[in-house]
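Read through the structure below, which is laid out as structure tokens, and then see the notes.
Read-outs: derived from the displayed coordinates by stated rules, not from any lab. Note that this is a predicted model, so its numbers are computed, not measured. Here the Cβ is made from the backbone with ideal geometry for all residues, glycine too, and neighbour counts use every protein chain on show.
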Amino acid sequence: MMWKIVKKSAQLPSSGHQLCFVRVFSVGGKVGQQTQLEIAGNLSARSDEKWTQAKTYGEMPGPSSLKMISYFMPGGALRNTNLIQMNRRMREMYGDIYRLPGLMGKPNVVFTYNPQDFETTYRHEGVWPIRIGLESFSYYRKVKRPDVFGGIGGLVSEQGKSWADIRNKVNPVLMKVQNVRQNLPQLDQIAKEFIDKLETLRNPETHTLQANFHEELKNWAFESISFVALNTRMGLLSDQPDPNAARLAKHMGEFFNYSFKYDVQPSIWPFYKTSGFKKFLETYDNITEITTNYIETAMQRFEIKDDRKTKSVLEQLLELNKQVAVVMVMDMLMAGIDTTSSACLTILYHLANNPSKQDQLRREILRILPDPKGSLTDDNTKNMPYLRACIKEGLRITSITPGNFRITTKDLVLSGYQVPAGTGVLMGVLELSNSDEYFAQSADFLPERWLKTGSTPDGVQACPEARSRNPFVYLPFGFGPRTCIGKRIAELEIETLLVRLLRSYKVSWLPETPMQYESTIILAPCGDIRFKLEPVD
Ligand code: HEM
């Protein structure tokens, strides 16, 4: 993998920042060329008035490479900060738009906190938006294991036409609400098993758990997404999980940590394969081996004719193309465990800290599920406006993906500065959705802001005026053709679990300090996570 320097003669700024770094995926030759062509197609000089009157890229505030490195040295302004703290300090120092030089092969990145810039970036992203990030995916799948993946990198890492070819195929399978909702009975069963397990771990006197709630929730997320993706029950919520499932869960946990280290943080692996990176490749191998075995077993099951009217997600993916199915299943497992469990934990935390909102939600849940032994169905889950509002509000206050990223494919003017095609743009959505400028009482958990007037059967007063009218300030699942493909699945899983959990327990937060987060690939809850779970009569 290498970086190619594309010199743009049209708009050279005066300060020496005229080189626009565009990543070339030498690991995925064809993809790289497509991406290059796509950007190169736009390299003819932009000469309209808006562009020529804008300040040059070099005039945009931001540190030089050397200054940036000094910030991370002992005593430096960004020493020991996580990504969120780092962005906040940089914003304090440089303002609402600033640029960071690309270090160790990463592209130059413009950080913006202006929703107009978000809109401009998305409106000009074209039909093949570029979001680079997890390049180890491409390397492993295309260079190390073409035997398994047949040259397909997967949604997360492909760009250009290769990305669109997969995305267009899998969109109807994964984004169509009805197709995803066919998993509701099994997801409901998994949520029930989760509650049964909590009950065995719960101290009936103190109502606290004798186990790590976060780990248990990750097992729930794993069990749920592997049912959707592999059409297989892993048994992770039982006393006797499938041994391969336990191995897969362990490797998935390692994968997430490795990916942060080698895909997000600056690393020399594109130039030199360190022993740590080789271990990462072993983890990839283990995940590939276990997942493909599960797929083979499921394929044998599918051959047996039965009277099912609908086809599972995996069957539909296999009908498209076996390699696409293998890649997509692995992407779903990799992207669908920590995200969903962190989001669920975050929403639960906000509900625990806002007992009156939790009570309000429980009134809705009791209407849906008067008998806790009853089942969740398409019919009784149709009308859950307060639950959906609580989920949105939880993800507004703490979006587990605090920023959205694109590589620009056209020259853009952002906040009055020229931003050449091929530059990274990081849009700080978390900051905006927590600002009083866009959401009244932004620090308060106010699900009512997401309700439509007259939409709540339980007589809750909607408060839509407390919500920003600008759709670009709240984007927890991204935006446009490249938006999260697991959004529907994640929402269904989270809704199902919250209904079951809050139907069974009144939840309160025990630690004296607020929930802590660490920023890895996402913003993940960490530290002391303890809830009190008191049974609901
Ligand atoms: C609450 C949970 C989740 C959140 C907040 C979330 C958020 C996101 C975001 C912000 C993006 C980038 C979108 C963009 O660039 O516009 C993304 C992409 C993606 N997500 Fe999710 N996600 C979640 C759950 C899931 C699940 C359950 C799956 C598995 C099916 C999944 C699979 C993916 C994939 C494959 C992509 C890449 C899509 C592409 O590039 O075409 N996500 N997600």
- Expressed in nm to one decimal, what extension gain is obtained for the pair Glu465 and Asn244 from 0.36 nm per residue of sequence separation less their Cα-Cα distance? 74.5 nm
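Using the Kirkwood formula over every pair of different C-alpha atoms, what hydrodynamic radius in Å results for the stretch 348-468?
Working: mean 1/r = 0.0596 Å⁻¹.
After inverting the pairwise mean of 1/r, the radius is 16.8 Å.
Given axes a ≥ b ≥ c from the Cα gyration tensor, I'd like to know whether the stretch 110-169 is rounded (a/c under 1.5), prolate (a/b larger than b/c) or oblate.
Values: a/c = 4.71, a/b = 2.09, b/c = 2.26.
Here the stretch 110-169 falls in the oblate category.
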- Query: Hey, rough spin-label estimate for Ser508 and Lys169, points 7 angstrom out along Cα→Cβ, what's it come to in nanometres?
  - Reply: 5.4 nm
- Note on the structure: In nm, the gap between the two label points placed 7 Å beyond Cα toward Cβ at Leu83 and Lys161 is 3.2 nm
- Rg followed by Dmax, in Å, when the chain is reduced to its Cα trace: 23.8, 72
- On a C-alpha basis, how far is the centre of the stretch 63-121 from the centre of the stretch 378-420 in Å? Whole number, if you could? 21 Å
- Query: Counting Lys +1, Arg +1, Asp -1, Glu -1, what net charge surrounds His251 among other residues with beta carbon under 12 Å of its beta carbon?
  - Reply: -1
- Task: Of the listed pairs Lys176/Lys452; Lys176/Lys532; Lys192/Lys532, which have alpha-carbon separations greater than 30 Å here?
- Result: Lys176/Lys532
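Among the GluC sites (Glu not before Pro) within the stretch 428-537, which fall in a DSSP loop and have no more than 13 other Cβ atoms within 10 Å of their own Cβ?
Values: sites: Glu431, Glu437, Glu448, Glu465, Glu491, Glu493, Glu495, Glu512, Glu518; in loops: Glu437, Glu512.
Here the sparse-neighbourhood loop sites are Glu437, Glu512.
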- Message: How many angstrom lie between the Cα centre of the stretch 220-234 and the Cα centre of the stretch 436-454?
- Response: 34 Å
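Given axes a ≥ b ≥ c from the Cα gyration tensor, I'd like to know whether the stretch 475-533 is rounded (a/c under 1.5), prolate (a/b larger than b/c) or oblate. Provide the component values of the computation, followed by the final result.
On the way: a/c = 3.73, a/b = 1.38, b/c = 2.70.
Oblate, since a/c reaches 1.5 and b/c is not below a/b.
Length gain on complete extension for the stretch Lys273 to Ser375, per 0.36 nm per residue less the alpha carbon to alpha carbon distance?
Working: separation 102, 0.36 × 102 = 36.72 nm, distance 5.13 nm.
Using 0.36 nm per residue and subtracting the Cα-Cα distance, I get 31.6 nm.
Among Arg131, Arg141, what is the fewest-to-most ranking by other Cβ atoms within 10 Å? Please report the intermediate quantities before stating the final value.
Values: Arg131 18, Arg141 27.
Starting with the residue having the fewest Cβ neighbours, the order is Arg131, Arg141.
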- Note on the structure: Once phi for every residue in the stretch 235-240 is put through the Karplus expression 6.51 cos²θ - 1.76 cosθ + 1.60 (θ = phi - 60°), the whole-Hz ³J(HN,Hα) values, with Gly and Pro written as x, are x, 5, 9, 9, 6, 10
- Note on the structure: Rounded to one decimal in nm, the spacing of the 7 Å Cα→Cβ label points at Glu205 and Gln323 is 6.2 nm
- Message: Give me the one-decimal Kirkwood hydrodynamic radius in Å for the stretch 264-337, with the sum taken over alpha-carbon pairs.
- Response: 14.6 Å
